[in-house]
Amino acid sequence: MDHRPQAWGRPRDDVYGAYDASYMQTNGPNQHTQSPVVTGTSVVAIKFKDGVVMAADNLASYGSLARFTDVKRIRTFADTSIVGFGGDVSDMQYLDRHLTELSIDEAYQQTAHTLNARSLHKYLSKLLYHRRSKFDPLWNHLLVAGLDEEGKPFLAAADLLGTTFSSPSLATGFGSMLAQPIMRRYVPDEESVANLTRDKAVEVVRECMKVLFYRDARSLDSYSLAVVTKDGIELSENEKLEKQSWAFADRIKGYGTQTV
Amino acid sequence: MFRNNYDNDSVTFSPQGRIFQVEYAAEAVKQGSVVVGLVSKTHAVLVAIKRNAEELSSYQKKLFAVDEHVGLAIAGLTSDARVLSNFMKQQCLSQRLTYDRAMPLETLVSLIGDKAQLNTQHYGKRPYGVGLLVAGVDETGPHLFEFQPSGMTQEMLACAIGARSQMARTYLEKNLDKFAACGREELILHGLRALKETLVQERFLTVENTSVGVVGLKEPGKKGLEFFKVHDGAEVKDWINSLTNDTEVAEEPTEEPAAEGSAAEGSDSMQVDP
């Protein structure tokens with residue numbers, strides 16, 4: 001019997017023949033992420049007077065292929081904050097596990113101090129910056145929403161470089177071009193947040209998701225919608241786009257197989 | 001002939017189940033001059049008697065600010081306290097850097113608790129020879145914690161450690177019910193009265209030997225913070241005056257700052273901590 005640690009957990013040579021060690025090679029180059037593989041598209045979020053509304057569709061694309069149509073891209077943290085993930089889905093899953101671990105560690109403190117949305121955003125931005133500094137970035141653009149230490153609505157973004165940005169409305173990816181102008185009509189500045197009701201904010205976000213579905217070829221008509229307020233989080237993961245109207249499509253020319 | 005063989009290191013139990021090195025470290029705390037801490041619903045206060053090693057020297061600092069929201073008072077070896085204090089400052093800063101928040105008090109105190117406990121379980125190490133009172137305000141309000149060289153930490157409503165601290169504790173126990181509802185000034189005066197109890201005859205609280213540290217909420221129930229600040233010298237004058245006013249005994253406080261020095265206060269013969 002071979003007791004060397006190298007042989008642990010491997011088929012016995014005397015029973016199965018010599019093991020092909022070429023499978024064990026570890027001296028190849030260690031490759032860092034050069035580009036995302038399976039991706040999620042836009043995340044949109046808008047502040048209203050009592051909290052924040054966020055939405056992201058349930059699609060994970062493999063290039064231009066709509067590969068997975070049931071991937072939830074908004075997660076909750078400690079029942080007080082939400083994180084929306086745009087970009088690489090495997091990195092999202094890594095961050096998801098990491099955040100679960102963080103929230104468990106945090107819950108082990110005897111007195112319940114849970115990280116608020118501001119703390120969570122700071123932590124994630126540091127994590128993303130740390131990874132980009134190792135030249136092995138987590139290929140995501142995150143939106144973090146919840147309440148800050150004073151109980152006021154909080155919304156901020158962090159990207160794969162660790163860049164942070166905060167605004168009454170935010171969107172990642174295509175949404176930054178298509179949804180942001182719509183949302184900015186309702187909350188151009190921090191003051192106007194106090195005038196926006198929850199119902200109106202939800203309506204605006206749903207409208208944005210519809211526009212994105214019309215114009216973003218990597219999007220889906222089924223999406224997740226989360227509302228975070230001081231009373232907690234309402235996350236519904238199987239929303240459907242309603243009242244779609246493709247009448248405008250008639251007028252679009254110059255793409256695809258059109259000949260006229 | 002018969003020496004105690006069980007006190008050479010901090011890893012060997014005596015047959016009675018004691019670890020003498022840790023108990024000796026606790027004695028070092030009793031040699032330090034007294035510090036008192038107490039909390040109300042809105043504030044946490046630390047008060048301390050400073051000593052000067054000799055007439056010509058300055059007074060040894062007893063209160064340290066750790067962060068905006070935390071401060072500590074020390075009794076025992078000052079140099080050991082500085083190590084712990086620097087460690088706490090770093091931990092608070094890193095918490096602000098990575099989470100953008102004030103370090104929760106309990107987390108901070110358990111960090112130094114763990115750090116000190118390691119020293120009682122490793123051969124060749126010695127326990128810290130200092131006791132701390134850590135006062136601060138976090139998300140859950142004002143807190144006071146006691147830290148001992150054994151690594152034991154406890155949340156306290158009021159506490160006193162150091163030479164003759166039993167006298168202060170007696171005062172604190174007697175007045176415990178009043179503290180919670182106290183305002184800032186009242187709480188400081190309670191602290192100073194407790195401190196005064198520990199003084200030997202012919203010794204007084206003076207602007208030279210008294211330190212007051214305060215941290216609290218600006219308004220009850222609100223988030224605004226009055227940062228931890230140490231008051232020394234002229235800043236404590238009014239408090240000391242109002243203290244001498246409320247004693248019926250019309251003793252004139254002679255402005256004699258510790259003529260016979262620290263030796264008397266810390267001597268073994270004194271009745272400290274049964």
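The values are calculated or read from the model by the stated rules, or taken from the named source; none is laboratory data. These numbers come from a predicted model, not from an experiment. All Cβ positions, glycine included, derive from the backbone under ideal geometry; neighbour counts span all protein chains shown. Calculation scope for accessible area: heavy atoms of the full protein, side chains included, ligands and nucleic acids excluded. Shrake-Rupley method; radii C 1.70, N 1.55, O 1.52, S 1.80 Å.
Listed values, structure above:
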| read-out | value |
| --- | --- |
| Segment A:38-239 - percent of accessible surface contributed by carbon and sulfur, probe 1.4 Å | 50 |
| Gap separating the Cα centres of segment A:125-161 and segment B:191-232, nearest whole Å | 41 |
| Between A and B, accessible area buried - total, square angstrom, nearest 100, 1.4 angstrom probe | 1300 |
| Per residue value of the accessible surface for chain B (all protein chains in place, 1.4 Å probe), Å² | 50 |
| Taking N as its residue count, the alpha carbon Rg of chain B over 2.2 N^0.38 Å | 1.02 |
| Rg to Rh quotient for segment A:100-174, alpha carbon positions, Kirkwood Rh | 1.01 |
| Separation of alpha-carbon centers, segment A:19-38 and segment A:86-120, rounded to whole Å | 29 |
| Per residue, in Å², the accessible surface of chain A once ligands and nucleic acids are set aside, probe 1.4 Å | 56 |
| Viscosity 1.002 mPa s, 20 °C: Kirkwood-radius Stokes-Einstein D of segment A:38-239 over Cα pairs, µm²/s | 129 |
| Per-residue ³J(HN,Hα) for segment B:13-28, Karplus 6.51 cos²θ - 1.76 cosθ + 1.60, θ = phi - 60°, Hz, x for Gly and Pro | 6, 7, x, 7, x, 10, 10, 5, 4, 5, 5, 5, 4, 5, 5, 4 |
| Translational diffusion of the protein assembly as shown, µm² s⁻¹ [Kirkwood Rh, Cα pairs; Stokes-Einstein; 20 °C; 1.002 mPa s] | 77 |
| Charge dipole (segment A:1-78, unit charges on Cβ, about Cα centre) - positive-most of A:Ala21, A:Gly51, A:Gly40 | A:Gly51 |
| Heavy-atom accessible area, 1.4 Å probe, ligands and nucleic acids excluded: residues of segment B:196-233 down by at least 10 Å² from chain alone | B:Lys223 |
| Interface residues in segment B:84-121 - accessible area drops by 10 Å² or more relative to the isolated chain, probe 1.4 Å | B:Leu97, B:Thr98, B:Tyr99, B:Asp100, B:Arg101, B:Pro104, B:Glu106, B:Thr107 |
| Relative intensity, log₁₀ I(q)/I(0), of segment A:52-109 from a Debye sum that treats every alpha carbon as a point, q = 0.21 Å⁻¹ | -0.85 |
| Binned Cα-Cα distances of segment B:142-232, short to long, each 5 Å bin given as a whole percent | 2, 11, 19, 24, 21, 14, 6, 1, 0 |
| Theoretical ellipticity at 222 nm over the protein assembly as shown - DSSP helices of four or more residues, -39500 (n - 2.57) apiece, nearest 500 | -9500 deg cm²/dmol |
| Most mobile listed residue (B:Ala65, B:Ala234, B:Ala168) in chain B, GNM with C-alpha springs under 10 Å | B:Ala234 |
| Net charge contributed by nearby residues that have their C-beta within less than 15 Å of A:Asp189 (K/R +1, D/E -1) | +3 |
